[in-house]
């Protein structure tokens, strides 16, 4: 061999060796990686189309006081994609709007030590911000007029200060009687004067007309969660006179609504009827007169999807984004036309909200390769404008696909499936079945990894992760959403069993190593799996889940929603059926090790539901059970320490029962070992 050939061989060998070492060093996504992710949120075009304001969620360090992530305000120059941070720090910002001259950005926050959340404006000329609403007033929602003079906002007003008696310990609470109404106010930014528009009703949402003369408002008799779910109706308020008339007698759940550019119409998203669990149908009403809902046409019956966000393209054309199966779309709908025009068929990008300038669109979107980033659509292609997680390029991500299978009764079911990172064809793997909540939600084919959705970090640990959109899920139209009414854990749960069997038949899964987990309705289904169908599941995780449908119905903060869109009957109408769909009834059958987790301040599914499940399994089950409380957390964990604990603890549970060979009736250690270095603690 010549010296040249030897040198060439040595160079190639060393290059390949370095490449092999580098590839070996690149690992999969881990639980701790979750707490490094930055994600874009609300994004809005400036009126001149030259820039966009957007929010960025950034991880809260574990060395800070416990809490959720921070959100900061960024400005994106669309001529060069340069990002400028306008306001950052240990803050939370939401709800972005521009003034008409593109010189100011409005937002909600509580800055500089303020205790209440108010409306601020950021002046791009002076690079400074000003609080516009009074200190001590918590603002729920706000809208700014096109001329930037009128600020409409909703609030419960200034709360009464604590009395001396309260400080002495006389702090009794009268349940559901002292909830102040959410009132609507107008603030004139020129004259600095405020007027109150509503009383004795609660305003949960509203839309300001373009000429600032009218306000459409979603109102309910009381400021209660159940009322915000089921009893909002659309009224129209004349700003000058204060006169009120009902605009639409919409039934059940209500979504977004917005005036047309000429203020002659109001587009809104609503449930199709009282029993529809998804506010996902598009309707268009005439402004200035009463519109009987039954005479309004649903513009969503031409496709099997759920509308998520709306805007107007022109005075006769509505824009709407929608979930369709496991994908998202953006469409145009002309008033009176039968068919829509699909603008974006987002097979590779998952998005919901959007902002428009002329024919261009900007939105936050995610894929199976990265979480939400800012994207731009110019009428032809979708371009990614930001990359806030460059470190992800050094992470190996597992394969993710959409799958379809046929349920026993012939219904086609869609799901998202993530392969093990080290997948080898012909080998059988353990399975984690993730069940989404609702059931009026859906798993989409984008970024599917969060603290309570195991996704990529479970795939890195050698699991298949199966995420089915069982019947009654969103994204498949009105009729699909009704398929669970009065049949909780019936055919909708059979869809999950059929999906697991489908994967077993494909040769992917070891049938003896199938786990299941989820939160809320997913927690209910996991408890149902561990009891009624225990023979199918080797491990279960129930998070903020229902265990006893009888006791749940009168301890939740949404009993009317439960009645209208889930059961259709009261317990006294058929108590045997209600109890029959309760996991506690079948606790004696359980041979599935079950981990139960719940926030102690959960108003939706009372913590007693998890206590009932624990007691019934402890007394009558034949497998290990553990109950974990998260103090102060609600219907899901908000603070990062509780989120990290959940992710580590649940994966340890799955690993113990789906991977290991352990003594009978043993459990993994109850104490979790945290990597202090990764938490930033010396």
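Descriptive notes on the structure:
- Given (1) farther than 30 Å from residue 64 by Cα; (2) in contact (Cβ under 8 Å) with a residue 60 or more places away in the chain; (3) touching a strand residue (DSSP E or B) at 6+ places or on another chain (Cβ under 7 Å), number of the condition residue 616 does not satisfy: (3)
Okay, residues lined up against (1) modelled with pLDDT under 95; (2) buried (at least 21 other Cβ atoms within 10 Å of the Cβ); (3) closer than 22 Å to residue 231 by Cα; (4) in contact with a helix residue (DSSP H, G or I) (Cβ under 8 Å, 6 or more places away or on another chain):
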residue	(1), (2), (3), (4)
257	no, yes, yes, no
264	no, no, no, no
278	no, yes, yes, yes
286	no, no, yes, no
346	yes, yes, no, no
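- Sole residue being more than 15 Å from residue 532 (Cβ to Cβ) and over 31 Å from the mean Cα position of the chain (by Cα), chosen from 599, 660, 634, 621: 660
- If only residues of the stretch 284-311 that are within 24 Å of the chain's Cα centre (by Cα) and assigned to a strand (DSSP E or B) are counted, the one that is nearest to residue 356 (Cα to Cα) is 311.
- Test: residue in the stretch 649-660 that is touching a helix residue (DSSP H, G or I) at 6+ places or on another chain (Cβ under 9 Å), in the same structural domain as residue 465 (by TED's automatic domain parsing) and either under 23 Å from residue 588 (Cβ atoms) or not in a loop (DSSP other than H, G, I, E, B) (or both): yes
- Comparison of 409, 378, 368, 422 shows that the only residue that is within 30 Å of residue 511 (Cβ to Cβ) and outside the structural domain of residue 512 (by TED's automatic domain parsing) is 368.
- The condition of being in contact (Cβ under 8 Å) with a residue 40 or more places away in the chain and over 25 Å from residue 58 (Cα atoms) holds for only one of 341, 414, 373, that being 414.
- Residue 210 vs. criteria modelled with pLDDT of 95 or more, surrounded by fewer than 18 Cβ atoms within 10 Å (Cβ to Cβ) and either touching a strand residue (DSSP E or B) at 6+ places or on another chain (Cβ under 7 Å) or assigned by TED's automatic domain parsing to the domain that holds residue 563 (or both): yes
The values are calculated or read from the model by the stated rules, or taken from the named source; none is laboratory data. The structure presented is a predicted model; accordingly, all values stated were derived computationally and were not measured. FYI the Cβ positions are ideal-geometry reconstructions off the backbone, even for glycines, and counts take in every protein chain you see.
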